[in-house]
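Worksheet: the structure to be examined is printed underneath.
What follows is calculated from the coordinates using simple rules that are stated; it is not laboratory data. Note that the structure is a prediction, hence the values are computed from the model and not measured. Cβ: placed from backbone, ideal geometry, glycine included. Neighbour counts: every protein chain shown.
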Amino acid sequence: MSRVTLSRYLIEQTRSHNTPADLRFLIEVVARACKEISHAVSKGALGGVLGSMDTENVQGEVQKKLDVLSNEILLEANEWGGHLAAMASEEMDKAYQIPGRYPKGAYLLLFDPLDGSSNIDVNVSVGTIFSVLRCPDDCFSQNDALAERAFLQPGYRQVAAGYALYGPQTTLVLTLGEGVKGFTLDRELGSFVLTHEHMQVPPSTSEFAVNMSNQRHWEPPVTRYVSELLAGADGPLGKNYNMRWIASMVADVHRILTRGGLFMYPRDAREPDKAGKLRLMYEANPMAFIVEQAGGAATTGTQRILDVQPEALHQRVPVFLGSKEEVERVTGYHNQA
Ligand code: AHG
Ligand code: MN
Ligand code: MN
Ligand code: MN
């Protein structure tokens with residue numbers, strides 16, 4: 001049986017779609033880092049990697065040991081290769097400049113090193129999310145403010161995005177803007193093997209994902225929409241809906257890419273800017289790019305996520321993504337309000 005590994009897929013992309021060699025190298029390096037994270041995650045208590053640190057990240061979250069370890073793995077893997085100008089992460093206050101001893105490259109890499117970290121200690125799926133942008137001319141500066149500004153590009157400018165899901169299998173889902181491919185880690189071979197040739201989000205669904213415990217903090221369009229979902233076949237939507245909430249965005253999105261669904265993390269009155277919990281640059285943008293490339297949709301309730309002009313590296317946005325019909329319905333409710 002001839003197997004298409006990630007390396008072969010990327011080389012064929014270079015031939016057929018002119019994917020630049022340094023972008024191909026970048027994806028390979030990220031994938032290698034994800035293998036290392038997958039290994040650490042799978043060791044769990046045996047590797048001494050469970051539990052928390054006594055530090056908080058810039059988001060105000062207590063860092064898990066694996067948040068920090070995964071961040072270090074991604075930084076170390078990516079700093080020496082000459083393919084990047086800078087990196088940014090959920091776990092770092094500022095952009096990470098490539099150290100002067102290494103050459104700088106044409107791309108910017110952003111990541112959520114470990115997504116769903118509240119699930120680590122209970123042995124539920126977690127993942128890594130990444131996004132790649134081109135580096136504008138002034139991002140070669142060693143000045144932190146300029147380096148940060150280089151990242152503030154709308155999501156439609158992403159040249160690649162993907163995630164690794166550390167679940168019963170480790171899978172890597174990738175888009176280079178030409179559809180979405182899924183790879184499964186073959187642990188004997190040590191390679192990601194193409195297993196999902198053409199990932200698609202079905203346009204309609206009867207399944208939604210939201211943290212219902214936040215209901216009292218939502219805005220009226222979301223409260224209205226979710227009450228209609230809960231009303232089932234007797235309500236205005238005329239069908240029964242099922243609900244799932246894993247609390248790892250990677251795992252929830254992977255389910256949607258596999259069998260459809262709607263994922264929501266709405267605006268929430270508790271936060272100062274009411275933007276909800278999810279981060280535009282590390283979570284919303286890469287997932288929106290993947291979901292759109294798979295035929296789905298992704299909005300903030302009022303705007304296409306990929307069109308949002310970022311104002312800050314750690315900015316948060318409301319997220320509605322998945323099957324087109326439901327994303328359009330809930331977005332329509334916001335726009336009527
Ligand atoms: P992270 O672990 O990277 O901070 O992200 C957690 C996010 C996301 O993965 C998930 O969808 C959401 O937080 C879960 O939020 P609740 O704890 O409010 O359910
Ligand atoms: Mn976090
Ligand atoms: Mn996350
Ligand atoms: Mn995280």
For region 238-283 and region 1-27, what is the separation of their C-alpha centers, rounded to whole Å? 31
Can you pull out the trypsin sites (Lys or Arg not before Pro) in region 265-337 whose DSSP state is coil and whose Cβ has at most 11 other Cβ atoms within 10 Å? Arg270
Per-q log10 I(q)/I(0), region 256-337, q = 0.18, 0.19 Å⁻¹ (Debye; single scatterer per alpha-carbon; no solvent): -0.68, -0.76
Return the inverse of the average 1/r over all pairs of distinct C-alpha atoms in the chain, which is the Kirkwood hydrodynamic radius, in Å to one decimal. 20.3
Quarter of the surface of the C-alpha convex hull for region 187-337, i.e. direction-averaged projected area in nm², equals 10.1
Which helices, taking whole DSSP H runs in the chain, have alpha carbons extending 24 angstrom or more along the helix axis plus mean Kyte-Doolittle at least -1.0? 21-43
Along the chain, longest interval not containing exposed GluC sites (Glu not before Pro), exposed being DSSP loop plus at most 13 other Cβ atoms within 10 Å: 1-177
Hey, how many Å between the Cα centroid of region 206-222 and the Cα centroid of region 301-337? 14
Taking R0 as 30 Å, what FRET efficiency do you get between Tyr102 and Arg3 from their Cβ-Cβ distance, rounded to the nearest 0.05? 0.35
Can you list the aspartates and glutamates whose alpha carbon is less than 20 Å from that of Lys324, not counting same-chain residues fewer than 8 positions off? Glu178, Glu207, Glu228, Asp252, Glu283, Glu292, Asp307
Taking only the alpha-carbon atoms of region 1-134, the convex hull volume per residue, in cubic angstrom, is 129
If you project the alpha carbons of region 141-209 onto their three principal axes, what span does each projection cover, largest first, in Å? 43, 38, 25
For region 195-337, what does the relative contact order come out to in percent, with C-alpha contacts under 8 Å and a separation of six or more? 31
Check: the chain dipole with +1 on Lys, Arg Cβ and -1 on Asp, Glu Cβ, in debye: 600
